[in-house]
Amino acid sequence: MSNVQSTTLKNLPDCEVEIAGIITKEEQDAFRPAVLKEFGRKIVIPGFRKGHVPENLLVEKIGEESIASECIERAMSTKYAEIVVEHGISPIDRPHITLSEGEGAVTFTMRTAVFPEINLPDYKEIARSKSKEGVLAVTDGDVENVLKDMQKMRAGEEETGSGKEMIDQKTKDEPPLPALDDAFAKSFGPFNGMEEFRKKLRENLVLENTRRAKEKHRITILDEILTKVQDPIPTVLIERELDIILSEMKSPVEKAGMEFADYLKHIKKSEDELREELRDGAKKRTTAKLVMRKIAETEHLAPDEMSVSREVAKLLAEYEGADEARAHDYVTEILTNDRVLQFLEEQSNNELVGTS
């Protein structure tokens, strides 16, 4: 049994900790039988079946140093797991471990970044203090503006032998807009005519305005909570978020057929300069994730596994070769955050009222 109480923990800047301790000879030797058994299954010595090689021959073949090294590694792995529980830390990455062998015992020092302890403000009271704004009413003019855009889209298409393709507007005159008649409505789906089509467009606009109002209200609550959080945020998490933001920027650029390096030239910035510009936003996003993670833990909010599995399946189908474990973690975080935002929204007493 490891003696975790013999370890010492020192808090370092930037949410890092340093833990020092000893792996005793007894702790190392506890793994020796399993290590020898595993080596025995791999080593081939004439005259002996695999797994039945005498210990003295195994030691002679493998070397005591290799056996001892494997025992130390396993003992260290076990002790690390116990240290995490004993000291109540949540490591962000694998630790950097330095070992110093002495007379039998091994002294170790490990250093790792840990998730910070977020001190939450009264988030329920903050949520209650943020009134929900009414949903922006949908006017006849809004519907007509959408129809105008759809007319322009249809006017920019022409029939060809292989289907519809966009006309190069630079080389052709502005085409006439199609009439807003029943045929126009039916070209967008199973509608009886323009009256039904207009009604559906209005319904969609009401739904969109409702979604925007809900999103705005959620962001208002979360932003207010973030202003009250003063805990330090680990640099390693901010750097990770910067990687995510850059990846989000690169994807549409590359889908448009442009190299990201060319995009950087166009905006006259290096990637390092762009990272620095994005740093404050990355820190805010990281803080928001940590805050929502803490609220989820406090309020016991978690998505049901069926919903997670369903979304993971969609993600894996869309991105062939994606890592399933990472996809599961990603989806779990997204759905958990949504539950947190929904919880905060529910703390408000006012109802969203729409006008159509």
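What to note about this one:
- Scanning segment 137-176 for residues that are modelled with pLDDT under 90, surrounded by 13 or more Cβ atoms within 10 Å (Cβ to Cβ) and part of a loop (DSSP other than H, G, I, E, B) gives Gly156, Ile167, Pro175.
- Segment 46-56: number of residues that are farther than 15 Å from Val35 by Cβ and surrounded by 11 or more Cβ atoms within 10 Å (Cβ to Cβ): 3
- Applying the criterion of being without any contact (Cβ under 8 Å) to a residue 40 or more places away in the chain and either within 30 Å of Glu239 (Cα to Cα) or of a type in the set (Asp, Glu) (or both) to the residues of segment 100-124, the residue that is surrounded by the fewest Cβ atoms within 10 Å (Cβ to Cβ) is Glu103.
- Matching residues, segment 200-238, being touching a residue at least 40 places away in the same chain (Cβ under 8 Å), over 30 Å from Leu147 (Cα atoms) and assigned to a helix (DSSP H, G or I): Arg218, Thr220, Ile221, Leu222, Glu224, Ile225, Leu226, Thr235, Val236, Leu237, Ile238
- When Glu73 is tested against the conditions (1) part of a helix (DSSP H, G or I); (2) surrounded by 17 or more Cβ atoms within 10 Å (Cβ to Cβ); (3) in the same structural domain as Pro33 (by TED's automatic domain parsing), the lone failure is (2).
- Test result for Gly134, out of contact with any Asp or Glu (no Cβ under 6 Å at 6 or more places or on another chain), closer than 30 Å to Glu18 by Cα, at pLDDT below 95 and part of a loop (DSSP other than H, G, I, E, B): no
- Close pairs (7 angstrom Cβ cut-off, 6 or more residues apart or separate chains): closer than 17 Å to Ile244 by Cα in segment 258-280, of a type in the set (Val, Ile, Thr) and surrounded by 11 or more Cβ atoms within 10 Å (Cβ to Cβ) anywhere: Phe260/Val253; Leu278/Ile245; Arg279/Ile238
- In segment 201-228, residue farthest from Lys152 (Cα to Cα) [restricted to those that are surrounded by 15 or more Cβ atoms within 10 Å (Cβ to Cβ) and among the charged types (D, E, K, R)]: Glu224
- Some residue of segment 240-257 being assigned to a loop (DSSP other than H, G, I, E, B), out of contact with any strand residue (DSSP E or B) (no Cβ under 7 Å at 6 or more places or on another chain), at negative phi and surrounded by fewer than 16 Cβ atoms within 10 Å (Cβ to Cβ): yes
- Test: residue in segment 101-121 that is at pLDDT 95 or above, under 30 Å from Arg211 (Cβ atoms) and assigned to a helix (DSSP H, G or I): no
- Scanning segment 16-58 for residues that are charged (D, E, K, R) and assigned to a helix (DSSP H, G or I) returns Lys25, Glu26, Glu27, Asp29, Arg32, Lys37, Glu38, Arg41, Lys42, Glu55.
The values are calculated or read from the model by the stated rules, or taken from the named source; none is laboratory data. Here the structure is a predicted model, which is why all the values come from computation and not from measurement. FYI the Cβ positions are ideal-geometry reconstructions off the backbone, even for glycines, and counts take in every protein chain you see.
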